[in-house]
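Report on the following structure.
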Amino acid sequence: MKNILIILALLPLFCLGQNTYKIAILKYNGGGDWYANPTALPNLIKFSNENIGTNIKVRPDVVEVGSPEIFNYPFLHMTGHGNINFNLQEAKNLHNYLIGGGFLHVDDNYGMDVYFRNEIKKVFPEIELKEMSNQHNIFHQTYKFINGLPKIHIHDAKPSQAFGIFYNDRLVCLYTYESDLSDGWEDPEIHNDSYESRIKALKMGSNIIEYIFKGQN
């Protein structure tokens, strides 16, 4: 716990300087494909390093939700299409990580919504996912999204929505739904997204990184 508290205390001061940080993909049980979109985070990290001055190692690590190693990372990313299952130890570990200063971005890759909503209740049984306003600062970092979360893939043709878990007024978990940002971060030939869609996805992703690494302002 001490490691992440120290790291997060320093992030707002140094994350845009010479220090190098690592972020991680969250590996979970239940059968869902936590490993989906393997080129997504490397591409997002490269974009952020080149455009908003972050200094993050391009290859993210993989860390299991129940491992104490999650406390070594200020930023965890989670995606997939299917089932998720947190046991009690994993839910407690993730809870302690998030209230201790960590951050989790969950991107529904289409099909994980009902499972994630069930499992996050194990982590925060008394806190509801709250839909975030288009005026929230996460949409107004280096890149401005006046209409909120961009729509990258059609899927069910529902509007894209951003939901948050807030603990002591701090955003500890961002859930992006019906947007599929991480598909937009992938290499262009994988999903054949337009250049414009990919750039929107990368800009929104870098906004998330900037918001967290600069101290949520």
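Each value in this text was obtained by applying a stated rule to the coordinates, not by laboratory testing. Just so it is clear, the structure is predicted and the values come from calculations on it, not from any experiment. Quick reminder, even Gly has a Cβ in these numbers, built from the backbone with ideal geometry, and neighbours come from all protein chains shown.
What the table shows:
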{"item": "Count of segment 35-53 residues which are surrounded by fewer than 22 Cβ atoms within 10 Å (Cβ to Cβ) and at negative phi", "result": "12"}
{"item": "Failed item, numbered, when Pro159 is tested on (1) in a loop (DSSP other than H, G, I, E, B); (2) over 17 Å from the mean Cα position of the chain (by Cα); (3) more than 21 Å from Arg117 (Cα to Cα)", "result": "(3)"}
{"item": "Hits in segment 114-143 - residues which are within 13 Å of Gln161 (Cα to Cα), surrounded by 14 or more Cβ atoms within 10 Å (Cβ to Cβ) and touching a strand residue (DSSP E or B) at 6+ places or on another chain (Cβ under 6 Å)", "result": "Leu129, Met132"}
{"item": "Residues of segment 68-86 satisfying the condition of being farther than 19 Å from Asp33 by Cβ and in a loop (DSSP other than H, G, I, E, B)", "result": "Tyr73, Pro74, Phe75"}
{"item": "Evaluation of Ile127 against (1) outside any helix (DSSP H, G or I); (2) closer than 18 Å to Ser48 by Cα (one fails), failing number", "result": "(2)"}
{"item": "Options Gly215, Gly164: the member that is outside any helix (DSSP H, G or I), of a type in the set (Gly, Ala, Ser) and touching a strand residue (DSSP E or B) at 6+ places or on another chain (Cβ under 7 Å)", "result": "Gly164"}
{"item": "Hey, Ser197 polar (S, T, N, Q), surrounded by fewer than 22 Cβ atoms within 10 Å (Cβ to Cβ) and touching a helix residue (DSSP H, G or I) at 6+ places or on another chain (Cβ under 9 Å) or not", "result": "yes"}
{"item": "Flag for Asn96 being of a type in the set (S, T, N, Q), touching a helix residue (DSSP H, G or I) at 6+ places or on another chain (Cβ under 9 Å) and either surrounded by fewer than 21 Cβ atoms within 10 Å (Cβ to Cβ) or not in a loop (DSSP other than H, G, I, E, B) (or both)", "result": "yes"}
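Per-residue answers, yes or no, for (1) in contact with a helix residue (DSSP H, G or I) (Cβ under 7 Å, 6 or more places away or on another chain); (2) surrounded by fewer than 20 Cβ atoms within 10 Å (Cβ to Cβ):
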{"position": "Asn147", "(1), (2)": "no, yes"}
{"position": "Ala162", "(1), (2)": "no, no"}
{"position": "Phe166", "(1), (2)": "no, yes"}
{"position": "Leu174", "(1), (2)": "yes, no"}
{"position": "Ser179", "(1), (2)": "no, no"}
{"position": "Gly184", "(1), (2)": "yes, no"}
{"position": "Asn192", "(1), (2)": "no, yes"}
